[in-house]
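No lab work stands behind these numbers, since they all come straight from the coordinates. This is a predicted model, so every value here is computed, not measured. Counting neighbours? That spans all protein chains shown, and the Cβs are built from the backbone with ideal geometry, glycine included.
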Amino acid sequence: MVAETLGGGGEPAAAGRERVAAAARRARPALLLFAGIRGIGVLCVAGWARHTGRHPWTLLGASWDSQWYLSIAQHGYASPAVARSWPQLPVADLAFFPMYPWLVRALRAAAPLGAASAGLLVAWAAALAAAWGIFAVGERLHGRRTGVLLVALWALLPHAVVESMAYTEPLLTALSAWSLYALLTRRPVWAGALAALAGLARPSALATVAAVELAVVAVAWRQRRPDGRGGGRVPPGRLWAAALLAPTGWLAYVLWVGWHTGHGPLGYLDVQALWGSRFDLGRDTLRAVRRLVLTGAPPAYCLALAVVAVALLLYALLVADRPPAAVLGYVTVLVVLALGGTHYFASKPRFLLPAFPLLLPAARALAGAHRRTTALLCSALATFSFGYGTYLLTVAAIPL
């Protein structure tokens, strides 16, 4: 795949291009399937949005958090517009990491596009890159058919409409998936570089950093074994480089926020607290679940609870499958961050979107099932995903 080609050392340019072309050919069915699924999802949202008198481009490109990211892309952090709109939160936009706004600003500088259009194009390109990376990981671990189905399941999640919005989850997923693939193909420096970039995309990129660190420790430990069963040797210098490189993006932004606010190294936590967001080991999540069970809630909250429950079941199945340390570490940290924080409960399924390896047990099961069974199950998932995504954006009217 791409990471494999880039890590090829002194490989001639022509051979490198051929390897990329071959990788693209292998991934083409997965990418076409992903584009088709998400394209139908966008058409469903657009059709119902117009039926209700709203503009689909605005719903997809300038809803909730998207407005903050586009404001940063247009005006930078702590702009006068933010200060006027949120006088009680003068540094509120510092909670949003800079990679996505930078990409939107760069695209607008290169092409005459509006902010929402540029935001959507960046998000859609990131989603395709994420689909390719997800396929690469799935194929590497369990074969091509599992890789294709892993992409299909990711595209058909109940909250997969976020993959078509101007949000940062596709960008984080793309960088994380390719970082994991680089680890699986023993290219730690590329993995560390991609983790560093992921660290500029979202705070939950800590999961990608953790994956790199765990992989480095695991490889270093295996290479110290006297029985010689550690696999192909990775030079220690590359392991050290990966371990040092991986956290740089995340640390750079967090420390910059602390310096900018004058609150010291932990200043970013103060910014998050302005939004009511903190890590409490899941106590707030348990209270939310208790309220949902005892008092009931709108459908979006109930389905969020169902998604969390299924995610925990899939996590148990993934652990039982004994995946590589990097994959398990990545998923574990994402699940802990999503469920252990005081985030808005209805948004937790969105926070779990980058945890695509959770879908590996289901993808493997579908890969071994009869093709007709697989087609029927995927069709049912598609019907529900398209309908629910349209409901979230046009009917539910709750922040995602």
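The equivalent ellipsoid of region 49-178 has semi-axes of 30, 17, 14 Å, largest first, where each one is the square root of 5 times an eigenvalue of the Cα gyration tensor. Note on region 266-400: percent of Cα-Cα distances in each 5 Å bin, starting at 0 and stopping at the bin with the largest distance, equals 2, 9, 15, 19, 18, 17, 12, 6, 2, 1, 0.
The fraction of Cα-Cα pairs per 10 angstrom bin, counted from 0 for region 166-207, comes to 35, 52, 12, 1 percent, rounded to whole percents. Neighbours of Thr146 by Cβ distance under 11 Å: Lys/Arg scored +1, Asp/Glu scored -1, total +3.
Convex hull volume of the Cα atoms of region 89-144, normalised per residue: 113 Å³.
Expressed as a fraction of 2.2 N^0.38 Å, the value expected for a compact globular protein of N residues, the C-alpha radius of gyration of region 130-257 is 1.14. Stokes-Einstein diffusion for the chain at 20 °C, viscosity 1.002 mPa s, with a Kirkwood radius from C-alpha pairs, works out to 98 µm²/s. Each semi-axis of the equivalent ellipsoid for region 193-339 is √(5λ) with λ an eigenvalue of the Cα gyration tensor; in descending order they amount to 33, 25, 10 Å.
Take region 273-327, drop everything but the C-alpha atoms, weight them equally and run the Debye formula without solvent; then report log10 I(q)/I(0) at 0.12, 0.19 Å⁻¹ to two decimals. Debye curve over Cα of region 273-327, log10 I(q)/I(0) at q = 0.12, 0.19 Å⁻¹: -0.43, -0.85.
Across all C-alpha atoms in region 203-273, the radius of gyration and Dmax reach 16.7, 53 Å.
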